[in-house]
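The values are calculated or read from the model by the stated rules, or taken from the named source; none is laboratory data. This one's a predicted model, so the numbers in the text were calculated from it and none came from an experiment. Glycine also receives a Cβ, built like all others from the backbone with ideal geometry; neighbour counts cover every protein chain displayed.
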Amino acid sequence: MLRLTLDMDDVLANTHEKLVNIVLSDFSTTLNKEDFEKKGLRELLHPKQLSRLHKIMDTPGFFADIEVKEGAIETVSKLSSYYNIFVATACMEFPTSFNDKFAWLRKHFPFIPWTNIVFCGYKSIIHSDYLIDDHVRNLHAFDGQGILFTAPHNLRETAYKRVSTWSDVSELFLHIV
Ligand SMILES: [Mg+2]
């Protein structure tokens, strides 16, 4: 079976949406929801706001209740009949997130065995046929075929095959099978 590796934040989980909701409700800003659909948080927020957000993300519980992206559970479940599915999340930056992330995956994706869950730093360590990720820096480092999952911070990237929804992922990979 070919290996298909999935990123967690902004691929399986709607992390960007949770962050935007926090900014809109708790931060002082004139930006609105539409602004955050066109550009990444790093481009839009003041460095002070970014470090405040960083602290919030580093608080236990932040990653526990993030919403699953629409169609992700059904599609990953289907794909697991044809691919060896792995999840690789570069979460060493937020060590407090480990328990929440692991529990989140067990809750929403119980059919992915713990043996296939990788908490990592650089994704160059991942040996897989495919990697779906929203960060080009992770795809650059990866030596299989990288697929970019659309997010506000990567709209201008053109170097990779792109998917924007889990329906796109389903079409692409079930077709390859
Ligand atoms: Mg991500």
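Restricting attention to the stretch 55-74, the residues that are closer than 13 Å to residue 109 by Cα, free of Cβ contacts under 8 Å to residues at least 60 places away in the same chain and surrounded by 14 or more Cβ atoms within 10 Å (Cβ to Cβ) total 2.
Candidates are the residues of the stretch 142-157 that are over 16 Å from the mean Cα position of the chain (by Cα) and farther than 21 Å from residue 1 by Cα; the one that is surrounded by the fewest Cβ atoms within 10 Å (Cβ to Cβ) is 156.
Is it fair to say residue 174 is farther than 12 Å from residue 7 by Cβ, surrounded by 14 or more Cβ atoms within 10 Å (Cβ to Cβ) and touching a helix residue (DSSP H, G or I) at 6+ places or on another chain (Cβ under 8 Å)? Outline the logic, then answer.
Details: farther than 12 Å from residue 7 by Cβ: yes; surrounded by 14 or more Cβ atoms within 10 Å (Cβ to Cβ): yes; touching a helix residue (DSSP H, G or I) at 6+ places or on another chain (Cβ under 8 Å): yes.
So residue 174 fits the description; yes.
Looking only at the stretch 8-26, which residues are within 16 Å of the ligand (Cβ to nearest atom) and of a type in the set (S, T, N, Q)? Please lay out each step first, then the result.
Residues of the stretch 8-26 within 16 Å of the ligand (Cβ to nearest atom): 8-20.
The answer is 14, 15.
Part of a helix (DSSP H, G or I), touching a residue at least 24 places away in the same chain (Cβ under 8 Å) and within 14 Å of the ligand (Cβ to nearest atom), is that true of residue 99? Spelling it out, it is not the case that residue 99 is part of a helix (DSSP H, G or I), touching a residue at least 24 places away in the same chain (Cβ under 8 Å) and within 14 Å of the ligand (Cβ to nearest atom). Residue count for the stretch 79-96, restricted to those that are assigned to a helix (DSSP H, G or I) and in contact with a helix residue (DSSP H, G or I) (Cβ under 7 Å, 6 or more places away or on another chain): 1.
Look through the stretch 136-157, keep the residues that are of a type in the set (Gly, Ala, Ser) and at pLDDT 95 or above, and return whichever of them is farthest from the ligand (Cβ to nearest atom).
144
Select from the stretch 75-116 the residues that are of a type in the set (Gly, Ala, Ser) and surrounded by 13 or more Cβ atoms within 10 Å (Cβ to Cβ) and write down the one among them that is farthest from residue 163 (Cα to Cα).
Filtering the stretch 75-116 for residues that are of a type in the set (Gly, Ala, Ser) and surrounded by 13 or more Cβ atoms within 10 Å (Cβ to Cβ), the one farthest from residue 163 (Cα to Cα) comes out as 97.
When every residue of the stretch 16-39 is checked against the conditions, none turns out to be under 30 Å from residue 143 (Cβ atoms), at pLDDT 95 or above and touching a strand residue (DSSP E or B) at 6+ places or on another chain (Cβ under 7 Å). Screening the candidates 26, 35, 7 for the property of being in the same structural domain as residue 132 (by TED's automatic domain parsing) and at negative phi yields one hit, 7.
Being among the hydroxyl-bearing types (Ser, Thr, Tyr) and either within 16 Å of the ligand (Cβ to nearest atom) or part of a strand (DSSP E or B) (or both) narrows it down to one residue among 75, 59, 29, 5; which is it? I'd like the intermediate steps shown before the answer.
Working: 75 fails: either within 16 Å of the ligand (Cβ to nearest atom) or part of a strand (DSSP E or B) (or both); 59 fails: either within 16 Å of the ligand (Cβ to nearest atom) or part of a strand (DSSP E or B) (or both); 29 fails: either within 16 Å of the ligand (Cβ to nearest atom) or part of a strand (DSSP E or B) (or both).
Result of the check over 75, 59, 29, 5: 5.
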